[in-house]
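Novice: Below are the structure tokens for one structure; questions will follow.
Bear in mind these aren't lab numbers, they're just calculated from the coordinates by the rules spelled out. Fair warning: this is a prediction, and the values are worked out from it, not measured in the lab. Cβ sites come from the backbone with ideal geometry, for glycine too, and all protein chains shown count toward neighbours.
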Amino acid sequence: MSELLRTGGALRREDRKGYRGHGFSVPDGASALRITFAYDPGQPFPHSLLTLSLFDPHGFRGAGHRYSPRQTIELGPNEATPGFVAGALPAGEWSVEVDVHSVIARLDGAPNGYELLVETIPESHARSAAPPFPRTPASRGPGWYRGELHLHTTHSDGQWSPAEMAVEARGRGLDFMFLTDHNTNTGIAELRRAVGGQTLVLPGAELTTFNGHALALGVERWIDWRIGLDGRSANDVAQAVRAAGGLFVVAHPDALPDDICTGCRWTHEGFDPGLADGVEVWGGLWNGPEEENPGCVGLWHHWLDAGHRLTATGATDAHHKKHWEGAVPLTYVYAEELSLSGILDAVRAGRTFVSSGPELEMRAVAADGREWPTGATVPASARIEASCSRSPEAKLRMVSGGTITARAEVTGRGSVSAPAAGARWHVAELWDREADVMLAVTSPIYVA
């Protein structure tokens with residue numbers, strides 16, 4: 001073994017939400033690297049969060065976004081620790097970056113420290129990288145498809161491997177699933193191989209910035225998420241996702257604040273909501289102990305009031321199989337075909353509803369019989385109609401510009417309607433009989 005870098009540093013509270021880059025040179029003929037990383041968590045809970053990003057002379061080589069204050073990472077031509085990219089080790093200048101999400105001060109007032117060691121090793125003993133699996137299950141045409149838009153594995157801070165996730169997914173009847181590990185997309189091929197042709201596995205990542213998280217859906221390449229570095233803004237990152245053909249979805253925007261959930265709440269000043277394609281309005285159990293879903297819906301409504309067109313999405317944000325238990329949401333998408341482009345086009349167009357089980361659809365109808373789906377812009381002379389099925393005893397309502405304009409008590413099936421005139425947008429909602437827990441919500445219809 002040969003030591004390439006040994007360094008460390010001291011951190012105080014004011015150093016949070018910053019980047020510490022460390023360069024090192026890889027010689028010709030290096031077969032594999034080992035990175036040993038350790039930092040002082042400060043206190044038991046909440047504790048500091050430091051993660052790693054690795055770059056070779058050509059670009060991104062992986063990210064270790066985990067909550068462990070002790071990590072060992074290996075990568076070589078054929079193997080890599082989950083979250084990192086296996087492949088040849090080009091000679092030249094590399095860098096390993098300590099991404100300082102949070103610093104929780106020590107009780108004794110001393111600085112928090114971290115240590116980094118990078119060395120060459122004869123060969124990597126990390127888990128083998130999985131070969132790609134064919135991307136598409138059997139072709140299917142127009143219809144409603146149910147899927148997961150927000151999932152994590154051991155390639156970031158998830159507690160199950162892609163193979164373990166695949167086993168649990170087989171009984172959920174998913175048509176598609178996006179894997180969105182934090183700041184890396186290295187687990188997608190492994191999940192595709194494990195799932196087989198049963199479910200369409202689509203690429204994605206959760207861009208885990210210091211002031212809010214966003215899903216980059218449908219993007220095969222790594223997106224530089226490091227807002228504040230080299231003048232990069234949240235708007236720049238959103239534009240990069242769109243330029244790569246993907247969707248930019250603001251995730252859990254009213255999540256628990258720092259330092260309980262560092263950077264989870266959306267607080268980017270100057271962000272243009274018009275650059276987002278959607279908002280995750282519902283994550284996990286509606287009234288779960290870690291969820292702030294009413295606030296997510298409130299921000300979505302606020303942005304709709306401002307004239308932005310934003311698709312409603314929901315997700316389990318599952319990090320282990322327990323997150324798939326109970327009345328958790330899926331996103332239902334009406335797509336022309338079950339394919340990457342079909343799903344992306346449908347979400348982009350706003351043809352979705354989010355539900356923990358019931359079916360909820362909304363349309364606009366003109367006097368001459370013309371019809372429009374969710375996501376459409378319709379004349380003020382149209383009427384908005386919503387219908388549900390497979391519902392328990394519940395309350396169905398139309399929300400028009402933030403005001404309830406129609407409501408009905410339903411069991412099984414039911415419907416409501418309201419005029420399009422008088423509001424810039426309309427959505428349908430289904431709530432339990434006490435109106436405490438959301439059961440389903442549609443994307444908007446907009447009024448010209």
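Novice: Show me the GluC sites (Glu not before Pro) within segment 283-356 that DSSP assigns to loop and that have at most 13 other Cβ atoms within 10 Å of their Cβ.
Specialist: Glu325
Novice: Another question about this same structure. Got a sec? How would Lys322, Lys395 order by Cβ neighbour count within 10 Å, fewest to most?
Specialist: Lys322, Lys395
Novice: Sorting Cys264, Cys296 on the 10 Å Cβ count, fewest up front, what's the list?
Specialist: Exposure proxy ranking, most exposed first: Cys264, Cys296.
Novice: Mind giving me the nanometre distance, one decimal, between the label points for Gln43 and Ala105, set 7 Å out from Cα along Cα→Cβ?
Specialist: 1.0
Novice: For the chain, give me every cysteine whose Cβ has no other Cys Cβ within less than 4.7 Å, ordered by residue number.
Specialist: Cys296, Cys388
Novice: Using a/c under 1.5 as the rounded threshold, could you call segment 287-363 rounded, prolate or oblate? The axes a ≥ b ≥ c are square roots of the C-alpha gyration tensor eigenvalues, and prolate needs a/b larger than b/c, oblate otherwise.
Specialist: Working: a/c = 1.93, a/b = 1.15, b/c = 1.69.
Oblate shape, in that a/c is at least 1.5 and b/c is the bigger or equal ratio.
Novice: Rounded, prolate or oblate: which fits segment 226-291 when a ≥ b ≥ c are the square roots of the eigenvalues of the alpha-carbon gyration tensor, with rounded for a/c under 1.5 and prolate only if a/b beats b/c?
Specialist: Judged from the Cα gyration tensor, segment 226-291 comes out oblate (a/c at least 1.5, b/c at or above a/b).
Novice: Here is a follow-up. Got a sec to turn the phi values of segment 64-72 into Karplus ³J(HN,Hα) couplings, 6.51 cos²θ - 1.76 cosθ + 1.60 with θ = phi - 60°, whole Hz, x for Gly and Pro?
Specialist: x, 8, 9, 9, 7, x, 9, 9, 10
Novice: A follow-up question, please. Mind sorting Ser161, Ser95 by how few other Cβ atoms lie within 10 Å of their own Cβ, fewest first?
Specialist: Ser95, Ser161
Novice: Provide the net charge surrounding Cys388, with neighbours chosen by a C-beta distance below 15 Å and charges set as Lys +1, Arg +1, Asp -1, Glu -1. Write out the running numbers ahead of the final one.
Specialist: On the way: positive: Arg363, Arg390, Lys395, Arg397, Arg407, Arg413, Arg433; negative: Glu359, Glu361, Glu385, Glu393, Glu409, Glu429, Asp432.
Cβ neighbours under 15 Å give a net charge of 0.
Novice: Quick one: P(r) of the chain from all Cα-Cα pairs, 10 Å bins, percents rounded to integers, in order of increasing distance.
Specialist: That works out to 4, 21, 29, 24, 13, 6, 2, 0, in percent per bin.
Novice: Please report Rg (one decimal) and Dmax (integer) in Å for the Cα set of segment 130-356.
Specialist: 16.1, 46
Novice: Please label the shape of segment 316-448 as rounded, prolate or oblate, based on the square roots a ≥ b ≥ c of the eigenvalues of the alpha-carbon gyration tensor (a/c under 1.5 means rounded; beyond that, a/b larger than b/c means prolate, else oblate).
Specialist: oblate
Novice: Can you work out ³J(HN,Hα) from phi for every residue in segment 273-284, in order, using Karplus 6.51 cos²θ - 1.76 cosθ + 1.60 and θ = phi - 60°, giving whole Hz and x for Gly and Pro?
Specialist: Couplings: x, x, 8, 8, 8, x, 10, 7, 8, 8, x, x Hz.
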